[in-house]
1. So, of the residues in segment 106-120 that are in contact with a helix residue (DSSP H, G or I) (Cβ under 7 Å, 6 or more places away or on another chain) and not basic (Lys, Arg), which turns out to be nearest to residue 84 (Cα to Cα)?
2. Can you name the number of the only condition in (1) over 30 Å from residue 130 (Cβ atoms); (2) loosely packed, with under 11 Cβ neighbours inside 10 Å that residue 74 fails?
3. Show me the helices (runs of 4 or more DSSP H) found entirely inside segment 63-181 where at least 1 residues are of a type in the set (Asp, Glu) and under 34 Å from the mean Cα position of the chain (by Cα).
4. Could you please find all residues in segment 205-237 being of a type in the set (Ser, Thr, Tyr) and either assigned to a helix (DSSP H, G or I) or surrounded by fewer than 21 Cβ atoms within 10 Å (Cβ to Cβ) (or both)?
5. Let me spell it out: the conditions are (1) open to solvent by 70 Å² or more (accessible area, probe 1.4 Å); (2) in a helix (DSSP H, G or I); (3) more than 30 Å from residue 267 (Cβ to Cβ); (4) not acidic (Asp, Glu), and residue 317 meets all of them except one. Which number is the exception?
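The values are calculated or read from the model by the stated rules, or taken from the named source; none is laboratory data. Since this is a predicted model, take the numbers as computed values, not measurements. Neighbour counts are summed over all protein chains in view; Cβ atoms, including those assigned to glycine, are modelled from backbone coordinates with ideal geometry. Ligands, DNA and RNA are stripped out before the accessible areas are found, and what is left, the full protein with its side chains, is counted by its heavy atoms. Shrake-Rupley method; radii C 1.70, N 1.55, O 1.52, S 1.80 Å.
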Amino acid sequence: MRIIIASLLMFLLVSCTHERTSQNAYAEGNYLESINLLAATIEEKSEANFKQTDAAQLRQLVTDVMNKYEDELASTNNTDYKKRIEIYEKLLEMNKRLSNRFYSAELVNVLDKYPDENLRQNIAKNLYDQGVNFETQNDYKAASETFSQASSVYQPLGKYKDSDKRAYNNGKKQATLMAEEAYQQAKMLSEIAMQRLEFRQVAKYYEQAVDAYRHYGRYKDATSLANTYKRKGIIKVYCYASEYCSEVKLVLNKDYITFVSSPVGADLKIKITVDKEYNNTRSQIDIPNTRKVFDKYIEHIDAQGNRIQIPTLKDETYYTKLDTNNNSLSLETVVRMEGIIDFSDTIYARASSYYENEDDLLPVAKREQITKLRSLLESTAQDLSSL
């Protein structure tokens, strides 16, 4: 126990010794973290316990961090927009972290060097210039996103140049490229499509064109063509009336299948018939029983020395006849399909019991029947999806 307690105390001592400090973070180059750690430490002390030594330490650290970022900016090429934006964002984050605190007045000379407005201006400018660069490379997606970021970061101050318009125009150009690519894929496939599966794929390409351009309006006649080819790819199914049509509609509930109310014009007709057979067979079974019968005498000497004969028993098995009813119920389900699939199959399901009657056995047999029927219909749905 002493060893355990000593180990625990050592662990706690080591943990306290290795508590992360702002100096640790600064030495690793994590400058924002170093400021967060020192600021948090000062805030824990509260304003009442805030001392000039704390203020001096914080001013020095903020100055050092600011100098580090200024050195990075000075050594960063003006066209390295990503790096410059990253540095300005860190300065903005530092500004927000240290503003509106009880110690902010101690940092006024430092924070005023990079006020919020100027930092947002610098970030927006670099984002805007980066967006222009993306435009020259015809990277409309990146250009649109970058102009949107420029607008967003400058939003508290108003609008930044024509960043909103450029974001919209580049987004529209990108959407046009994507929509046209999907439209042409649809057009090429439609010229050779013969199967319903191919018609459905044509419809999907047109739908992609519609979705790509959705924020900017309608794209050519993509919507009407998507609907046309979607209809051409539909498989019309008719189920002859039976209690099993609900199962058929449940399993074949696919976007490429529709159920019709008449067999005329149906692509696939499904008919399900069921024969039920119930048997009650009387029979006799032998039920084994055990009873005790005389076995033999054994000699025993009692306490007075007299010899006496004691009878012993043994187990004897005997059988009694029992009249029983062997109840069995069978369901023979025939599934016939005609049309784009010609198919016929028979499903068998059976339940039996010595004690249960027909009404009790039917639900048991039906559960097996429905399980097998669903499996067959799922296989049919898979076959239809490839037609």
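1. For segment 106-120, the residue satisfying everything is 119.
2. (1)
3. 81-98, 140-154
4. Hits for segment 205-237 are 205, 206, 213, 216, 223, 224, 228, 229.
5. With (1) open to solvent by 70 Å² or more (accessible area, probe 1.4 Å); (2) in a helix (DSSP H, G or I); (3) more than 30 Å from residue 267 (Cβ to Cβ); (4) not acidic (Asp, Glu) applied to residue 317, the lone miss is (2).
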